[in-house]
1. Could you please find all residues in the range 131-185 being part of a loop (DSSP other than H, G, I, E, B), free of Cβ contacts under 8 Å to residues at least 24 places away in the same chain and surrounded by 18 or more Cβ atoms within 10 Å (Cβ to Cβ)?
2. If you go through the range 495-512 one residue at a time, do you hit one that is at pLDDT below 85 and surrounded by fewer than 15 Cβ atoms within 10 Å (Cβ to Cβ)?
3. Got at least one residue in the range 416-429 being modelled with pLDDT of 90 or more and within 29 Å of E331 (Cα to Cα)?
4. If you check T432 against the conditions, is it polar (S, T, N, Q), under 25 Å from P408 (Cα atoms), at pLDDT below 95 and touching a Ser or Thr at 6+ places or on another chain (Cβ under 9 Å)?
5. Quick one: L290 ticks every box in (1) aliphatic (A, V, I, L, M); (2) at pLDDT below 95; (3) under 19 Å from Q340 (Cβ atoms) bar one, so which box is it?
6. I'd like the full set of residues that are under 26 Å from M417 (Cβ atoms) and either in contact with a Phe, Trp or Tyr (Cβ under 8 Å, 6 or more places away or on another chain) or of a type in the set (A, V, I, L, M, F, W, C) (or both), limited to the range 335-352.
7. Limited to the range 452-481, what total is found for residues that are of a type in the set (A, V, I, L, M), within 22 Å of A423 (Cα to Cα) and touching a residue at least 40 places away in the same chain (Cβ under 8 Å)?
8. Could you tell me which of the residues Y475, Y480, Y460 is buried (at least 19 other Cβ atoms within 10 Å of the Cβ), aromatic (F, W, Y) and farther than 19 Å from H398 by Cα?
Amino acid sequence: MHTVRCSKCGALSVHPLPTKETFNLVVAPGTRHHTLLSTNEPPDDPDTIFIQSFVSKVDARLACLDDEIAKLQDQLKSMEEERASLLTYRARNSGILSPLPEDATRGTRRHILVDVAPNQRPINPWVLTHVSARWRAISVANPSLWSRLVIDYSEVHTKSLNDHPPVDPSSAYPLFLVETQIQRSQRLKIHFYGSPAMASRPQILVFQLLSLHSSRWEEFSLGLTLEIAPLVTALRGRLLSLKRLWVQWDDSAADSIQSIDCFQTAPCLVDVGVYNRYRHVPVLLPVHQLTRYEMTCPWKSHVRMLKAAPNLVEAHIDVTFDLSETWSDLEEAIDLLQLQRLYVSALPILNVLRGPALEELAVWLDPDEDHLTILRGFVDRSVCCLRRICLRNSPDAHTTLEMLKRFPCITELVIKMRDHDAADEVNALISTLSLTESAVVAPQLQCLFFGCERKSFFDYTAYLKMLKTRWEVGYCALRYAALIIDEGPSPDFVTLVGLHALRREGLNLLLTEDVSEAYDVLNSWEYGAVWN
C-alpha cells in the first residue's frame, strides 16, 4: 500500500501497491493443461503435481486480494462516514446563506417544541423537503424530524366516503415511502390506526414493515383491529425501547380478542393509555414500573393496577361503562404515595384512595353526590395540599365557592362544562368570582380556566368583567386565564376587544375556538394523553 495526497483538498488516501506477480489466465490450445481443462481425461502423476502447484499459487494470490479488499472496504466505510458528516456540515452552513421562509421555520419550530407545547401538532417532514434543495438536505440529515410516523387508515376511510372513486388502501401509505422515513429516523414514534372497513392486506403489509424496526419504537399508539391483533402479539419481547403506549379498539375487535399480553415484557414502558368505552379487554402491563396510566376499565381492574403501581405520578381513572360498581368494598384505602395528578370519573372513588403527594385533582361531578364531604374526607385522610382542581359536568356555584373557602391552598380553578344544562350554574359562578367593593372571593386564584365540550352558553360579558376586576386590583393573584369554546356562539366584538386588552397588559390568556385544539386542551385538563 502507498499514500497519495489529493491535489485539490490535501487529504491523504491509501492506494494498493502495484502487484509484481500476475497470472496469465489464457491457456494456449494444444498444451497438456488445455487438454485437461477441455476434456474429462484423468491427469497423470506429473499432471497432478503441476495442477496442485498452480492451484496453490492462485490460492495465495486470492488470499492477498481478499486482504486488500477488506482493507479497502474499511477505508471506504470511513470515507463514506466522513462524506456524510461533511454533507451535513455543508448543508447547515449553506443554510445561513439562504434563510428559509417564515412559514417553513414556523413549522419547524412547532415540531421541535412539540414536547414543550403538546397541543401543537408537528409538521409533516415531507413538506419540509419541498421548500428548497438546501432545506431538503437539512431535513433529510435531521433524524428527529422523521421519528413520528402516522399511519391512520380510519381517517383514510372517513375521507374516502366522500371520494369517487374511493381511496385504494394500498396507495394511501406506499411501502417505499414508509421505509424511506424509517431509514431517515433513529428513534421511532409509531401511530398506527387500522380500519376494519378497509381491505386488511395493505394494512398488514405496512404493520409488518413497521414491526421489523420495533426495537427502535419509543412511542406506540395503536388502533387495534382483528386482523392486526396477531401481528401485535408477535411483538412480545421485541419492544426494548418502548416508553409510551396507547391502545384503543373498535367493538368488533373487542368481541374476538380475549387479552393483550405483548407489552408486559417492555423494560422501559412507563406511560400507558387503554381505551374502549363498551367492552374491556385485559392488557397485561409492567405495572410496577409505570409512572402514568390512563384506562377505561371496570373498577376491580383499576384496583389491581393501583395496588401494584407504587411509582404512579399521574392517573386517569375512568369507569364510565361500569357505574354499577360500589367503591366501598375495600377494607383499607389504597396508598398512592407518589401520585401528584389524578382524574376520577366518579367522585366516590376518592373514598378508597390516599394520596399524600397529590397536588392536582380533576373530577366528574354527579348532581346527587355530596361533593364537599367526599372531597374533605379525601384531603383529610391524605393530608395533601391541593393546588389545582378541575370540576367537570355540573359544577354547582355554591359548592364550588365552599371548596375554595375550605381549601385556600387551591390557586388554580378549572371548570369544564359538558352541556347547556350546566350553563346557569357556571355563569352564576363567573358572576360571583367578579370582585366588588363589598365582596372578595378567593383572591388567591392564579389561574381561572373555563371550557365547554359541546355548544357553549357562556355569559361573555360577565366573563370579561370577572377577569378585569380581578386583574386590576392589587391583592388578587390572577396571572393565567383560558376560555375554550368547542362550538356555539362566539364572544361579541366588544368582549374580544376587552380580552385582547387584558392580554396586552400582561394577562396570560388562552382563547380558542378551533375544534381540534379545543379537544386537546380540554382533554389535557383531565390528564388525558394527547397523541395525534
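The values are calculated or read from the model by the stated rules, or taken from the named source; none is laboratory data. Computed from a predicted model, the values in this text were never measured in an experiment. Note that we place each Cβ from the backbone using ideal geometry, even for glycine, and neighbour counts take in every protein chain shown.
1. Result: N142, single match.
2. Initial filter on the range 495-512 (at pLDDT below 85): 512.
Imposing the further condition that a residue be surrounded by fewer than 15 Cβ atoms within 10 Å (Cβ to Cβ) reduces the set to none.
Taking every residue of the range 495-512 in turn, none turns out to be at pLDDT below 85 and surrounded by fewer than 15 Cβ atoms within 10 Å (Cβ to Cβ).
3. no
4. Against the criterion (polar (S, T, N, Q), under 25 Å from P408 (Cα atoms), at pLDDT below 95 and touching a Ser or Thr at 6+ places or on another chain (Cβ under 9 Å)), T432 qualifies.
5. Condition (2) is where L290 drops out.
6. Of everything in the range 335-352, those that are under 26 Å from M417 (Cβ atoms) and either in contact with a Phe, Trp or Tyr (Cβ under 8 Å, 6 or more places away or on another chain) or of a type in the set (A, V, I, L, M, F, W, C) (or both) turn out to be R341, L342, Y343, V344, S345, A346, L347, P348, I349, L350, N351.
7. The qualifying residues number 1.
8. When all the criteria are applied, what remains is Y460.
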